[in-house]
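Note sheet for the following structure.
The values are calculated or read from the model by the stated rules, or taken from the named source; none is laboratory data. This structure is a prediction, so every number in the text was calculated from the model and none was measured. Here the Cβ positions follow ideal geometry from the backbone for every residue, glycine too, while neighbour counts run over all protein chains shown. We work out accessible area using only protein heavy atoms, side chains counted, and drop any ligands, DNA or RNA first. Shrake-Rupley method; radii C 1.70, N 1.55, O 1.52, S 1.80 Å.
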Amino acid sequence: GTKTRTCSVCKHKETVSVPGTKLPKSAKSFKDIKPGDWFYNFVDYAVIHGLFSGTSDTKFSPNTEMTRAQFVQVLANLSGVKGDNNVNSGFTDVPKGQWYVGAVKWAVENSVASGVGSGRFDPNGKVTREQMCVMLVKYANFKGITLAENEQKTPFADDTKIDVWAKEAVYKCQMADLVNGKGAGKFDPKGNA
């Protein structure tokens, strides 16, 4: 079904689609976040727009690390994709019937994400900060979005720890203000998102 909401971030009224799973009305439904938390309005926006749901009806778990499957599911939700979870994903570790199969298949078919080698996707592996940047840049390319260059490229102190295949994406995300460092000028590319 659909519901009319007022966006907590930009205040415009909109009709949003509510997927088959029951979504909370807003961030107010969660007992583990509160107004004043730096991420509160972002959670509110994501929940209202059906990008995320909580880990239960009353818990959002804002400090929980995100898995690769969760991240591609969010990108699929953002695109309005309702994937078939009973298809062959092409990965040995993404069996039919799992809640994320359709999102994984969609992401790979549209060059938004790729496997980790040896026929695996590693759906339950924690998405690293550099993997997240690569998927965000690939998603922008898929959608035909040109990422803004709001900031100058500033090399991170741990630049040599960023994998070669991820480096360009990390700095594109930095310049677009999508990511920043974690203190002492470091990016922490292998850290979990």
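Carbon-plus-sulfur accessible fraction, the chain (probe radius 1.4 Å, protein heavy atoms only): 51%. Given the options ILE48, ILE145, ILE33, state which has the largest fluctuation in a GNM of the chain using a 10 Å cut-off (strictly under) for Cα springs. Answer for the Gaussian network model of the chain: ILE145.
Considering helices alone, the calculated mean residue ellipticity of the chain at 222 nm is -9000 deg cm²/dmol, with DSSP H runs of length four and up weighted by -39500 (n - 2.57) and normalised per residue. Among the listed options [x] 1.61; [y] 0.96; [z] 1.01, the one matching Rg/Rh (Cα atoms, Kirkwood Rh) as calculated from these coordinates is [y]. Largest GNM mean-square fluctuation among GLN131, GLN70, GLN152, using the chain with Cα springs under 10 Å: GLN152. A Cβ-based charge dipole, computed about the Cα centre of the range 44-101 with Lys and Arg at +1 and Asp and Glu at -1, lands at about 100 debye.
Taking the chain as a Gaussian network of alpha-carbon nodes connected by springs under 10 Å, the highest mean-square fluctuation of the residues SER56, SER118, SER29 belongs to SER118. Treating r as the C-beta distance of ASN86 and ASP159 and R0 as 41 Å, the FRET efficiency rounds to 0.40. Using C-alpha pairs under 8 Å with a sequence gap of at least 6, the mean separation divided by the residue count of the chain gives a relative contact order of 15 percent. The residues of the chain expose, per residue, 57 Å² of accessible area to a 1.4 Å probe.
When the square roots of the Cα gyration tensor eigenvalues are ordered a ≥ b ≥ c, the ratio a/c for the range 122-191 is 1.5 or more and a/b does not exceed b/c, which makes its shape oblate.
Think of the chain as a dipole: +1 on every Lys or Arg Cβ, -1 on every Asp or Glu Cβ, centred on the Cα centre; then among ILE162, SER118, VAL72, VAL72 lies furthest on the positive end. Measuring between their Cα centroids, the range 119-144 and the range 25-104 lie 14 Å from each other.
Placing +1 on the Cβ of every Lys and Arg and -1 on the Cβ of every Asp and Glu, with no other charges, gives the chain a dipole of roughly 580 debye about its Cα centre. Given +1 at the Cβ of Lys and Arg, -1 at the Cβ of Asp and Glu and no other charges, the dipole of the range 105-193 around its Cα centre is 220 debye to the nearest 20.
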